[in-house]
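What follows is a single structure, written as structure tokens, with notes after it.
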Amino acid sequence: MSRASAPLNPIPVGQQPVVPKHVAIIMDGNGRWATARHLPRTAGHERGVEALRRTVDAAGDLGIRYLTVFSFSTENWRRPAAEVNTLFGLLKAYVQRDLSRLKDEGVRIRIIGQRAGLPADIASLVSKAEEETRTNTEFNLTIAFNYGSRDEILRAASALARDVKSGLRDPDITENEFAGYLDTGDLPDPDLLIRTSGEFRISNFLLWQAAYAEFLFCDVLWPDFGRSHLEDALKCYNERERRYGAVSPGGG
Ligand code: IPE
Ligand code: IPE
Ligand code: MG
């Protein structure tokens, strides 16, 4: 994990580390992982699913309650059709293979993003996964698939406009009420946002929700990500001081 070197504010002896309630991850670097091994990019995506399994397990063990992962963006349609098909196939296979185990482990699954653009079989599978895990409360896994934050905000604004037009509500709206129109309406904002693969950008992910998230950019490519990287990320998170625009209690 880069930039996780010497702690700036080490946790004082005897003080419990804070576990972020909601961690969001931009799972990037599958293609470069494969290319470095002279493999097709799709091999990197396949290994990326294993990294996701490891990360979900580790997040639950570490006491994180919400994990949101960026799996396919509205801009990823610009990739070759064969790669897009592989990514859709992998989502389908992941849900088909892991749903009953995740359900038994108390995981609530949500898929955020544009549903209209999904093939019918995938749309019905993700609805089934959400329905079957709706009452689970142990852990919340949210998969951003066919997701773009600007698209999400536009859909929310349209839904709000429709409600105003039909007289369901008046146009004065609070931040919390607007957040309720987003795909993430029933999720807390992310506390920590991790991006793998050494890129320093947000690529249209959770633009509204990450207003006060702590950002962590690490060099590891997503297929190599695992428990130790998540543990390092939590250590790094504990070195941050979240001020939300106020001044620190120490006046710094
Ligand atoms: C992340 O890995 C997966 C998706 C964006 C779907 P990439 O496929 O972007 O891998 P790189 O960034 O090209 O290495
Ligand atoms: C962001 O990664 C989207 C996902 C991880 C699903 P990209 O690889 O698509 O982002 P850019 O193109 O490098 O910004
Ligand atoms: Mg990428």
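The values are calculated or read from the model by the stated rules, or taken from the named source; none is laboratory data. In this text, all values refer to a predicted model and were calculated from it rather than measured experimentally. No Cβ is skipped: glycine too gets one built from the backbone with ideal geometry, and neighbour counts run over all protein chains shown. Note: accessible area is taken over every heavy atom of the protein model, side chains too, but ligands, DNA and RNA are not part of it. Shrake-Rupley method; radii C 1.70, N 1.55, O 1.52, S 1.80 Å.
What is the residue count in region 183-209 for residues that are open to solvent by 10 Å² or more (accessible area, probe 1.4 Å), away from ligand 3 (no atom under 16 Å from the Cβ) and of a type in the set (A, V, I, L, M)?
Qualifying residue count for the region: 2.
Kindly list the number of the only condition in (1) open to solvent by less than 80 Å² (accessible area, probe 1.4 Å); (2) closer than 27 Å to residue 103 by Cα that fails for residue 217.
(2)
Taking the residues in region 220-236 that are open to solvent by less than 50 Å² (accessible area, probe 1.4 Å) and in contact with a helix residue (DSSP H, G or I) (Cβ under 8 Å, 6 or more places away or on another chain) as candidates, determine which candidate is nearest to residue 112 (Cα to Cα).
222
Which condition number does residue 38 fail, the rest of (1) at positive phi; (2) in a strand (DSSP E or B) being met?
Of everything listed in (1) at positive phi; (2) in a strand (DSSP E or B), residue 38 misses just condition (2).
Output the qualifying pairs, or none if there are none: Cβ atoms under 7 angstrom, residues six or more apart or on different chains, first residue in region 69-85 and in a helix (DSSP H, G or I), second residue of a type in the set (Lys, Arg) and open to solvent by 20 Å² or more (accessible area, probe 1.4 Å).
Note: pairs meeting the criteria are 83/41.
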